[in-house]
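K.L.:
Sending over a structure as structure tokens; questions will come in a sec.
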Amino acid sequence: MGILSADLSNVVARQPGTAGNDDRVRVGVPVSASRGRCGVGSARWRAVCLAAVILTTTALAYAKAREVPVDLQVKLTAKVAAYDRNMAARVSQHARVLIVRRGNAQSARLAKNVERALKRQHDFAGGKLTVEVHTFENAGVLARLIRDRGVAMAYFAGSFDKEAVHIRRELDGVSVLTVSSELSAVRNGIVLGIGLVSGRPKLFINLPQAKKQRVQIAPRLIKLMEVYR
């Protein structure tokens, strides 16, 4: 992880829970960051502060959970989206987020939870947030909807690992951030993934597809991610 690995090696520490079997991951911010240095100084230090902010967002992820809780997924996604250099052009004064669900009950529940979590955000990447839900038919229909509606981000609620290959082909050249908590879908073409590694939240990125969809995450943030090439 280069320079950042040295600066952030002690940012995350596991602490046992205080009640029952609640074993949580707690995240600490470097002391110097809390003293106001994040607004000034070198690009290197600002990158360290960014990492601290992202990690702090996920301060109560459960070590025994199978996935990052939805509220934390949404907060973390919003943080990452704010550092996509092309997001400002997508949102302007209005940020349209599309939740893509399948037709089954499990996907519908997840989509509803994501929708609630998103609506608790005051804005998204600096734009006024509008959330829409779409029941997946096929990749072509989805791509047309994303283009026609000017969608800034599409969150996939449910299992889309098999469809991800077709989705990525249809979205080549379309400026949109796609997100999933299903890491096999990220390997197959969804741009951003959020998962747990040893109980800790971890970001994943499909870098070739990110470039095709004009998602330009700051390089120092990418150094904190698992990169699929």
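K.L.:
Looking at (1) surrounded by fewer than 18 Cβ atoms within 10 Å (Cβ to Cβ); (2) modelled with pLDDT under 95, which is the one condition that is false for residue 169?
P.N.:
Tallying (1) surrounded by fewer than 18 Cβ atoms within 10 Å (Cβ to Cβ); (2) modelled with pLDDT under 95, residue 169 fails exactly one: (2).
K.L.:
What is the one condition in (1) of a type in the set (A, V, I, L, M); (2) over 24 Å from residue 150 (Cα atoms); (3) free of Cβ contacts under 8 Å to residues at least 40 places away in the same chain that residue 207 does not satisfy?
P.N.:
It is condition (2) that residue 207 fails.
K.L.:
Going through segment 190-229 one residue at a time, which ones are part of a loop (DSSP other than H, G, I, E, B), of a type outside the set (A, V, I, L, M, F, W, C) and surrounded by fewer than 20 Cβ atoms within 10 Å (Cβ to Cβ)?
P.N.:
198, 199, 214, 216, 223, 229
K.L.:
Then there's this: Residues in segment 143-173 that are among the acidic types (Asp, Glu) and either within 19 Å of the chain's Cα centre (by Cα) or on the phi > 0 side of the Ramachandran plot (or both): how many?
P.N.:
1
K.L.:
State yes or no: is residue 197 within 19 Å of residue 79 (Cα to Cα) and hydrophobic (A, V, I, L, M, F, W, C)?
P.N.:
Considered against the rule, which asks whether it is within 19 Å of residue 79 (Cα to Cα) and hydrophobic (A, V, I, L, M, F, W, C), residue 197 comes out as no.
K.L.:
Only one of (1) surrounded by 20 or more Cβ atoms within 10 Å (Cβ to Cβ); (2) more than 14 Å from the chain's Cα centre (by Cα); (3) within 27 Å of residue 106 (Cα to Cα) is not met by residue 184, so which one is it?
P.N.:
Here residue 184 clears every test but (1).
K.L.:
Shifting gears a bit: Pick from segment 109-132 the residues that are surrounded by fewer than 16 Cβ atoms within 10 Å (Cβ to Cβ) and modelled with pLDDT of 95 or more: which of them is farthest from the chain's Cα centre (by Cα)?
P.N.:
109
The values are calculated or read from the model by the stated rules, or taken from the named source; none is laboratory data. Just so it is clear, the model here is predicted, and its values are computed rather than measured. Because the Cβ atoms are built from the backbone with ideal geometry, glycine has one as well, and the counts that use them run over all protein chains shown.
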